[in-house]
1. Among the residues of segment 162-178, how many are in contact with a helix residue (DSSP H, G or I) (Cβ under 8 Å, 6 or more places away or on another chain) and free of Cβ contacts under 8 Å to residues at least 24 places away in the same chain?
2. For segment 215-226, check the following and say yes or no: at least one residue is over 30 Å from residue 279 (Cα atoms) and part of a helix (DSSP H, G or I).
3. Examine segment 176-196 for a residue that is at pLDDT 95 or above, open to solvent by 80 Å² or more (accessible area, probe 1.4 Å) and under 30 Å from residue 247 (Cα atoms), and state whether such a residue exists.
4. Mind listing just one residue for me: the one in segment 250-264 that is of a type outside the set (Asp, Glu) and within 9 Å of residue 232 (Cβ to Cβ) and, of those, most open to solvent (accessible area, probe 1.4 Å)?
5. Of all residues in segment 1-39, which are open to solvent by less than 20 Å² (accessible area, probe 1.4 Å) and of a type in the set (Val, Ile, Thr)?
6. Do we have any residue at all in segment 113-127 that's more than 11 Å from the chain's Cα centre (by Cα), closer than 23 Å to residue 43 by Cβ and free of Cβ contacts under 8 Å to residues at least 12 places away in the same chain?
7. From the set of residues in segment 49-100 that are closer than 17 Å to residue 128 by Cβ and assigned to a loop (DSSP other than H, G, I, E, B), which is most open to solvent (accessible area, probe 1.4 Å)?
8. Among the residues of segment 246-265, is there at least one that is farther than 17 Å from residue 134 by Cα, in contact (Cβ under 8 Å) with a residue 60 or more places away in the chain and either more than 17 Å from the chain's Cα centre (by Cα) or assigned to a helix (DSSP H, G or I) (or both)?
Amino acid sequence: MPALNERRRTVRTEGAELAVFEYGLRPAPGVATLLLVHGYPDDHRLYLPLITELAATHHVIAYDTRNAGVSSVTEAPGNFTLDALVDDVFAVLAFMDVSDVHLVGHDWGSIQGWAAVQDPRAAGLIARYTSISGPDLGHFISWLRSRARNPRRWPQLAGQLLRSSYVAGFQVPVLPETIWRLVLTRLYERSAGRRVNDDPVRGLALYRQNLFPRVRRPSPAQVSVPVNVVVPLKDPFLSPRLTDGLELWVADLNVVRADGGHWWPATHPKELAHLLRAL
(Lines give C-alpha, C1' and ligand atoms only; values in the text may rest on other atoms or scores of the structure.)
Protein backbone atom coordinates (compact mmCIF):
# COMPACT_ATOMS: atom_id res chain seq x y z
CA MET A 1 0.00 0.00 0.00
CA PRO A 2 1.47 3.41 -0.94
CA ALA A 3 2.42 5.72 1.92
CA LEU A 4 -0.27 8.24 2.82
CA ASN A 5 0.29 11.78 4.01
CA GLU A 6 -1.53 11.62 7.34
CA ARG A 7 -2.37 14.67 9.43
CA ARG A 8 -3.49 13.76 12.94
CA ARG A 9 -5.57 15.85 15.33
CA THR A 10 -7.10 15.30 18.77
CA VAL A 11 -10.71 16.34 19.27
CA ARG A 12 -11.99 16.56 22.83
CA THR A 13 -15.68 15.87 23.23
CA GLU A 14 -17.97 15.25 26.20
CA GLY A 15 -16.35 12.26 27.85
CA ALA A 16 -13.84 11.34 25.15
CA GLU A 17 -10.69 12.27 23.29
CA LEU A 18 -10.92 11.34 19.62
CA ALA A 19 -7.99 10.69 17.32
CA VAL A 20 -8.87 12.29 13.98
CA PHE A 21 -6.91 11.67 10.79
CA GLU A 22 -6.91 13.83 7.66
CA TYR A 23 -5.73 12.69 4.23
CA GLY A 24 -5.58 13.83 0.65
CA LEU A 25 -6.31 17.28 -0.66
CA ARG A 26 -6.75 20.32 1.52
CA PRO A 27 -10.29 21.69 1.83
CA ALA A 28 -11.07 24.00 -1.06
CA PRO A 29 -13.98 24.93 -3.30
CA GLY A 30 -14.69 22.07 -5.65
CA VAL A 31 -12.90 19.50 -3.47
CA ALA A 32 -15.26 16.85 -2.09
CA THR A 33 -14.90 16.03 1.61
CA LEU A 34 -15.56 12.54 2.95
CA LEU A 35 -16.02 11.66 6.61
CA LEU A 36 -15.45 7.94 7.19
CA VAL A 37 -16.81 6.29 10.35
CA HIS A 38 -15.73 2.72 11.09
CA GLY A 39 -17.53 -0.03 12.96
CA TYR A 40 -16.86 -2.90 15.35
CA PRO A 41 -14.25 -4.25 16.09
CA ASP A 42 -12.24 -1.94 13.85
CA ASP A 43 -10.67 1.49 13.95
CA HIS A 44 -10.08 4.05 11.17
CA ARG A 45 -7.51 1.77 9.54
CA LEU A 46 -10.35 -0.29 8.07
CA TYR A 47 -10.56 2.47 5.47
CA LEU A 48 -6.86 2.87 4.59
CA PRO A 49 -7.14 0.89 1.33
CA LEU A 50 -10.10 3.08 0.34
CA ILE A 51 -8.29 6.26 1.37
CA THR A 52 -5.33 5.24 -0.79
CA GLU A 53 -7.71 5.13 -3.75
CA LEU A 54 -9.25 8.54 -3.04
CA ALA A 55 -6.50 10.68 -1.51
CA ALA A 56 -5.44 12.17 -4.85
CA THR A 57 -8.90 13.58 -5.58
CA HIS A 58 -10.67 14.03 -2.23
CA HIS A 59 -10.32 15.60 1.19
CA VAL A 60 -10.75 12.61 3.52
CA ILE A 61 -11.36 12.62 7.27
CA ALA A 62 -11.45 9.47 9.38
CA TYR A 63 -11.37 8.98 13.13
CA ASP A 64 -11.21 6.31 15.78
CA THR A 65 -14.53 6.21 17.57
CA ARG A 66 -14.42 6.54 21.35
CA ASN A 67 -14.33 2.76 21.82
CA ALA A 68 -11.44 2.06 19.45
CA GLY A 69 -7.92 2.68 18.27
CA VAL A 70 -6.05 5.51 19.94
CA SER A 71 -9.21 7.32 20.98
CA SER A 72 -10.28 7.00 24.60
CA VAL A 73 -12.95 7.89 27.10
CA THR A 74 -11.99 10.37 29.79
CA GLU A 75 -14.34 9.08 32.48
CA ALA A 76 -14.71 5.41 33.46
CA PRO A 77 -16.63 3.31 32.58
CA GLY A 78 -17.47 5.53 29.61
CA ASN A 79 -20.58 6.64 27.76
CA PHE A 80 -20.99 4.66 24.55
CA THR A 81 -24.65 5.42 23.89
CA LEU A 82 -25.72 6.28 20.38
CA ASP A 83 -26.45 9.86 21.46
CA ALA A 84 -22.84 10.27 22.62
CA LEU A 85 -21.47 8.69 19.44
CA VAL A 86 -23.53 11.04 17.27
CA ASP A 87 -22.34 14.01 19.32
CA ASP A 88 -18.82 12.85 18.45
CA VAL A 89 -19.66 12.92 14.73
CA PHE A 90 -20.74 16.54 14.96
CA ALA A 91 -17.79 17.45 17.20
CA VAL A 92 -15.41 16.17 14.52
CA LEU A 93 -17.26 18.10 11.79
CA ALA A 94 -17.14 21.28 13.88
CA PHE A 95 -13.47 20.90 14.76
CA MET A 96 -12.50 20.27 11.14
CA ASP A 97 -14.67 23.22 10.06
CA VAL A 98 -16.16 21.43 7.06
CA SER A 99 -19.60 21.43 5.46
CA ASP A 100 -21.42 19.67 2.61
CA VAL A 101 -19.70 16.47 3.68
CA HIS A 102 -20.31 13.02 2.25
CA LEU A 103 -20.68 10.82 5.33
CA VAL A 104 -19.72 7.16 4.94
CA GLY A 105 -20.37 4.60 7.68
CA HIS A 106 -19.74 0.88 8.05
CA ASP A 107 -21.24 -1.45 10.67
CA TRP A 108 -21.59 0.59 13.90
CA GLY A 109 -20.29 3.59 11.97
CA SER A 110 -23.29 3.15 9.69
CA ILE A 111 -25.65 2.97 12.66
CA GLN A 112 -24.18 6.26 13.88
CA GLY A 113 -24.52 7.71 10.39
CA TRP A 114 -28.22 6.94 10.18
CA ALA A 115 -28.76 8.73 13.49
CA ALA A 116 -26.62 11.67 12.38
CA VAL A 117 -28.54 12.35 9.16
CA GLN A 118 -31.79 12.44 11.17
CA ASP A 119 -30.32 14.97 13.60
CA PRO A 120 -31.25 18.66 13.01
CA ARG A 121 -27.55 19.53 13.29
CA ALA A 122 -26.93 17.76 9.98
CA ALA A 123 -28.47 20.60 7.96
CA GLY A 124 -25.75 22.23 5.88
CA LEU A 125 -23.08 19.89 7.23
CA ILE A 126 -23.95 16.48 5.79
CA ALA A 127 -24.85 16.61 2.12
CA ARG A 128 -24.98 12.88 1.36
CA TYR A 129 -24.81 9.60 3.22
CA THR A 130 -23.49 6.16 2.24
CA SER A 131 -24.42 3.31 4.57
CA ILE A 132 -22.66 -0.07 4.47
CA SER A 133 -23.72 -3.05 6.59
CA GLY A 134 -25.33 -1.16 9.45
CA PRO A 135 -29.07 -0.41 9.75
CA ASP A 136 -30.84 2.42 11.47
CA LEU A 137 -31.82 0.94 14.84
CA GLY A 138 -35.37 2.26 14.71
CA HIS A 139 -35.87 0.84 11.23
CA PHE A 140 -34.34 -2.46 12.33
CA ILE A 141 -36.82 -2.83 15.20
CA SER A 142 -39.76 -1.81 12.97
CA TRP A 143 -38.62 -4.32 10.35
CA LEU A 144 -38.52 -7.14 12.92
CA ARG A 145 -41.95 -6.25 14.26
CA SER A 146 -43.51 -6.10 10.79
CA ARG A 147 -42.16 -9.59 10.04
CA ALA A 148 -43.45 -10.91 13.36
CA ARG A 149 -46.97 -9.73 12.51
CA ASN A 150 -47.05 -11.50 9.14
CA PRO A 151 -46.72 -15.32 9.23
CA ARG A 152 -45.66 -15.38 5.59
CA ARG A 153 -42.62 -13.30 6.57
CA TRP A 154 -41.62 -15.41 9.55
CA PRO A 155 -38.82 -17.06 7.53
CA GLN A 156 -37.29 -13.59 7.01
CA LEU A 157 -37.65 -12.87 10.72
CA ALA A 158 -36.11 -16.20 11.72
CA GLY A 159 -33.22 -15.70 9.32
CA GLN A 160 -32.34 -12.27 10.70
CA LEU A 161 -32.71 -13.36 14.32
CA LEU A 162 -30.27 -16.17 13.60
CA ARG A 163 -27.84 -13.73 11.99
CA SER A 164 -28.14 -11.44 15.02
CA SER A 165 -27.86 -14.16 17.66
CA TYR A 166 -24.30 -13.10 18.57
CA VAL A 167 -25.76 -9.85 19.95
CA ALA A 168 -27.45 -11.76 22.77
CA GLY A 169 -24.17 -13.50 23.49
CA PHE A 170 -22.45 -10.14 23.86
CA GLN A 171 -24.79 -9.27 26.74
CA VAL A 172 -23.38 -12.07 28.91
CA PRO A 173 -20.88 -10.75 31.48
CA VAL A 174 -17.21 -11.75 31.21
CA LEU A 175 -17.61 -14.61 28.72
CA PRO A 176 -17.38 -12.55 25.49
CA GLU A 177 -14.31 -10.73 26.81
CA THR A 178 -12.66 -14.05 27.58
CA ILE A 179 -13.43 -15.57 24.19
CA TRP A 180 -12.15 -12.51 22.34
CA ARG A 181 -8.90 -12.43 24.31
CA LEU A 182 -8.23 -16.16 24.11
CA VAL A 183 -9.34 -16.95 20.56
CA LEU A 184 -11.25 -14.46 18.43
CA THR A 185 -8.85 -11.51 18.48
CA ARG A 186 -6.03 -13.58 17.04
CA LEU A 187 -8.32 -15.02 14.36
CA TYR A 188 -9.71 -11.63 13.43
CA GLU A 189 -6.26 -10.03 13.24
CA ARG A 190 -5.11 -12.81 10.93
CA SER A 191 -8.14 -12.27 8.69
CA ALA A 192 -7.95 -8.45 8.69
CA GLY A 193 -4.18 -8.26 8.37
CA ARG A 194 -3.82 -5.70 11.15
CA ARG A 195 -3.68 -5.57 14.95
CA VAL A 196 -6.87 -4.67 16.79
CA ASN A 197 -5.43 -5.06 20.31
CA ASP A 198 -8.24 -4.78 22.89
CA ASP A 199 -10.73 -3.01 20.60
CA PRO A 200 -13.09 -6.01 20.39
CA VAL A 201 -13.43 -6.00 24.18
CA ARG A 202 -13.72 -2.22 24.44
CA GLY A 203 -16.40 -2.23 21.77
CA LEU A 204 -18.70 -4.63 23.58
CA ALA A 205 -20.09 -1.55 25.31
CA LEU A 206 -21.72 -0.55 22.03
CA TYR A 207 -23.97 -3.59 22.23
CA ARG A 208 -24.53 -3.43 25.96
CA GLN A 209 -25.45 0.26 26.17
CA ASN A 210 -27.53 0.61 23.01
CA LEU A 211 -29.38 -2.32 21.57
CA PHE A 212 -31.92 -3.46 24.12
CA PRO A 213 -32.78 0.04 25.44
CA ARG A 214 -33.31 1.06 21.80
CA VAL A 215 -36.15 -1.44 21.36
CA ARG A 216 -38.42 1.43 22.42
CA ARG A 217 -36.89 3.76 19.84
CA PRO A 218 -39.57 5.53 17.76
CA SER A 219 -39.81 5.15 14.02
CA PRO A 220 -37.10 6.94 12.04
CA ALA A 221 -37.45 10.60 11.12
CA GLN A 222 -37.66 11.65 7.50
CA VAL A 223 -34.29 11.95 5.77
CA SER A 224 -33.97 14.46 2.94
CA VAL A 225 -30.30 14.10 1.94
CA PRO A 226 -29.44 11.54 -0.76
CA VAL A 227 -28.71 8.14 0.79
CA ASN A 228 -26.85 5.24 -0.79
CA VAL A 229 -27.15 1.87 0.93
CA VAL A 230 -24.55 -0.73 -0.03
CA VAL A 231 -25.78 -4.27 0.64
CA PRO A 232 -23.03 -6.91 0.57
CA LEU A 233 -24.93 -10.02 -0.45
CA LYS A 234 -22.64 -12.37 1.49
CA ASP A 235 -22.93 -10.50 4.80
CA PRO A 236 -23.48 -13.19 7.48
CA PHE A 237 -24.94 -10.69 9.96
CA LEU A 238 -27.54 -8.71 8.00
CA SER A 239 -30.29 -9.81 5.63
CA PRO A 240 -30.42 -8.06 2.25
CA ARG A 241 -34.15 -7.64 2.91
CA LEU A 242 -33.44 -5.10 5.67
CA THR A 243 -33.61 -2.38 3.02
CA ASP A 244 -37.35 -3.08 2.62
CA GLY A 245 -39.29 -0.05 3.80
CA LEU A 246 -36.44 2.44 3.74
CA GLU A 247 -38.19 4.28 0.92
CA LEU A 248 -40.97 5.22 3.36
CA TRP A 249 -38.70 7.64 5.22
CA VAL A 250 -35.70 8.22 2.93
CA ALA A 251 -36.77 10.52 0.11
CA ASP A 252 -33.74 10.04 -2.14
CA LEU A 253 -32.66 6.40 -1.81
CA ASN A 254 -30.30 4.30 -3.92
CA VAL A 255 -29.63 0.66 -2.98
CA VAL A 256 -26.49 -0.96 -4.38
CA ARG A 257 -26.09 -4.72 -4.03
CA ALA A 258 -22.47 -5.83 -3.88
CA ASP A 259 -20.79 -9.20 -4.24
CA GLY A 260 -18.94 -9.43 -0.95
CA GLY A 261 -19.12 -10.01 2.77
CA HIS A 262 -19.57 -7.82 5.83
CA TRP A 263 -16.16 -6.17 5.55
CA TRP A 264 -16.70 -5.19 1.91
CA PRO A 265 -15.13 -1.69 2.36
CA ALA A 266 -11.80 -3.32 3.28
CA THR A 267 -11.93 -6.19 0.79
CA HIS A 268 -13.26 -4.20 -2.18
CA PRO A 269 -11.81 -0.67 -1.81
CA LYS A 270 -11.58 -0.05 -5.56
CA GLU A 271 -15.28 -0.80 -6.02
CA LEU A 272 -16.23 1.46 -3.12
CA ALA A 273 -13.97 4.23 -4.40
CA HIS A 274 -15.61 3.97 -7.83
CA LEU A 275 -19.05 4.26 -6.22
CA LEU A 276 -18.07 7.29 -4.11
CA ARG A 277 -16.48 9.07 -7.09
CA ALA A 278 -19.69 8.66 -9.06
CA LEU A 279 -21.86 10.33 -6.43
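The values are calculated or read from the model by the stated rules, or taken from the named source; none is laboratory data. Predicted, not measured: the structure shown is a model, and the values here were computed from it. Counting neighbours? That spans all protein chains shown, and the Cβs are built from the backbone with ideal geometry, glycine included. Ligands, DNA and RNA are stripped out before the accessible areas are found, and what is left, the full protein with its side chains, is counted by its heavy atoms. Shrake-Rupley method; radii C 1.70, N 1.55, O 1.52, S 1.80 Å.
1. Taking segment 162-178 and keeping what is in contact with a helix residue (DSSP H, G or I) (Cβ under 8 Å, 6 or more places away or on another chain), we get 167, 169-171, 175-177.
Those still in the list that are free of Cβ contacts under 8 Å to residues at least 24 places away in the same chain too: 169, 175.
Residues meeting the conditions: 2.
2. Of segment 215-226, the ones over 30 Å from residue 279 (Cα atoms) are 215-218.
Keeping just the survivors that are part of a helix (DSSP H, G or I) gives 215-216.
Yes, some residue in segment 215-226 is over 30 Å from residue 279 (Cα atoms) and part of a helix (DSSP H, G or I).
3. no
4. Pass one, segment 250-264, residues of a type outside the set (Asp, Glu): 250-251, 253-258, 260-264.
Going one step further and asking which of them are within 9 Å of residue 232 (Cβ to Cβ), we end up with 257-258, 260-264.
Working: 257: 127, 258: 8, 260: 5, 261: 25, 262: 9, 263: 70, 264: 14 Å².
That would be 257.
5. Within segment 1-39, 11, 20, 33, 37 qualify.
6. no
7. 100
8. At the first step, the residues of segment 246-265 found to be farther than 17 Å from residue 134 by Cα are 248, 251-252.
Restricting the remaining residues to those that are in contact (Cβ under 8 Å) with a residue 60 or more places away in the chain gives none.
Among the residues of segment 246-265, not one is farther than 17 Å from residue 134 by Cα, in contact (Cβ under 8 Å) with a residue 60 or more places away in the chain and either more than 17 Å from the chain's Cα centre (by Cα) or assigned to a helix (DSSP H, G or I) (or both), which makes the answer no.
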